[in-house]
């Protein structure tokens, strides 16, 4: 007969044996799992990337600015004498030269006044000539002779004035340019100082850029530029720096740059809005890569290149940029492939798989200078 105490001891013994067996089984499972991992580690797949080889091409440093075109010379022609407009020789839009007759006023009255002044001048000249000899012989006093001489000179001035006013009946262009406005009609009676024509010199047209002072050392007179205009967006026109102000405006921190724009066919007009590009430096046959390949890290730049299927980080020195490309001054050689897509978060030495290679057939890229290739009226 089993006592309660014996049954309790038997139950405790069985529980202990079961616990011991469970622990041993767990250790065996762990050892078995470790054994399965030994020598069979799972490989990390390579990172898919896109690469592009280095390119060769010309790169330019360009300053850009905007300004409206203005005429170099502008003249409001006014009447210098009054009278009736008899003829008009120049219409709006016509090119005229300095001194060319634009209109003619009625000059009959002024012509008569000139002829009368001339007749009086001849009379006084004869009187003066007679009194010269008399004065030398002492037959005419010095005071009387001086009065005769004064009258002669006064009449000569009156004749010159009458002749000048008659000449003013021909209204002439003071400058060479285009007649932009005509204010008179045949038959109008005008007075002195009435406006009659407006003439604008369109060659060259000027533009004034106000450039930040940090660019002062980069620009100089004679540098080529190009301008595109909203009114003629499909063409590029040549321009050139005419002069540079030596003074920086302390209020704006800018200095004034004057450009002359060439237009032999008179298509450009004052007031047109233009975008100017001034090329102040150029490098030929430079090494370039896509801008997206460059990684900015504080004040340093780097790229990833592919070597033997691995990503290798390379420090580079970046120069000028143009469009989607950037110049590499140091750190890369011809033929090296840089990662353009997939470099974010990439580790040094990571295995990579190239899924796309973007390389031009000739390994060159065409980056034309906007200003140096532009000529008057040429396509941009």
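Would you please classify the overall shape of the stretch 107-168 from the alpha carbon gyration tensor, given that a ≥ b ≥ c denote the square roots of the eigenvalues, rounded means a/c under 1.5, and beyond that prolate means a/b larger than b/c while oblate covers the rest? Display every interim value, and only then the final one.
On the way: a/c = 4.73, a/b = 3.13, b/c = 1.51.
Note, shape of the stretch 107-168 comes out prolate.
Determine the gain in length on full extension of the stretch residue 109-residue 341; use 0.36 nm per residue of separation and subtract their C-alpha separation, reporting nm with one decimal.
Values: separation 232, 0.36 × 232 = 83.52 nm, distance 8.83 nm.
Working it through step by step, the gained length comes to 74.7 nm.
Work out, step by step, the length gained on full extension between residue 151 and residue 218: first 0.36 nm times the residue separation, then minus their alpha carbon distance; give nm to one decimal. Intermediate values should be presented prior to the final figure.
Working: separation 67, 0.36 × 67 = 24.12 nm, distance 6.67 nm.
Here the segment from residue 151 to residue 218 would lengthen by 17.5 nm.
For a label point 7 angstrom out from the Cα of residue 161 toward its Cβ, which stretches of the stretch 72-88 have the backbone nitrogen within less than 19 Å?
Answer for the stretch 72-88: 80-83.
Modelling each spin label as a point 7 Å along the Cα-to-Cβ direction, I'd like the residue 94/residue 73 distance in nm, to one decimal.
With each label placed 7 Å out from Cα toward Cβ, I get 1.9 nm.
Taking 0.36 nm per residue of sequence separation and subtracting the Cα-Cα distance, how much length would be gained by fully extending the chain between residue 181 and residue 66, in nm to one decimal?
Working: separation 115, 0.36 × 115 = 41.40 nm, distance 2.76 nm.
Between residue 181 and residue 66, full extension yields 38.6 nm more.
Mind giving me the FRET efficiency for residue 87 and residue 269? R0 is 30 Å, r the Cβ-Cβ distance, nearest 0.05 is fine. Present the calculation step by step, with values, prior to reporting the outcome.
Working: r = 28 Å, r/R0 = 0.94.
Efficiency, from the Cβ-Cβ distance: 0.60.
Give me the distance in nm between label points sitting 7 Å out from Cα along the Cα-to-Cβ direction at residue 354 and residue 313, one decimal.
Distance between label points: 2.2 nm.
Given R₀ = 30 Å, FRET efficiency for residue 208-residue 291 by Cβ-Cβ distance, to 0.05?
Details: r = 33 Å, r/R0 = 1.09.
According to the calculation, E is roughly 0.40.
Between residue 249 and residue 330, what FRET efficiency follows from the Cβ-Cβ distance if R0 is 41 Å, with the result rounded to 0.05? Before the final figure, lay out the partial values.
Working: r = 38 Å, r/R0 = 0.93.
The value I calculate is 0.60.
None of the figures in this text is laboratory data; all of them are computed from the coordinates on show. None of these values were measured; they are calculated from a predicted model. Cβ: placed from backbone, ideal geometry, glycine included. Neighbour counts: every protein chain shown.
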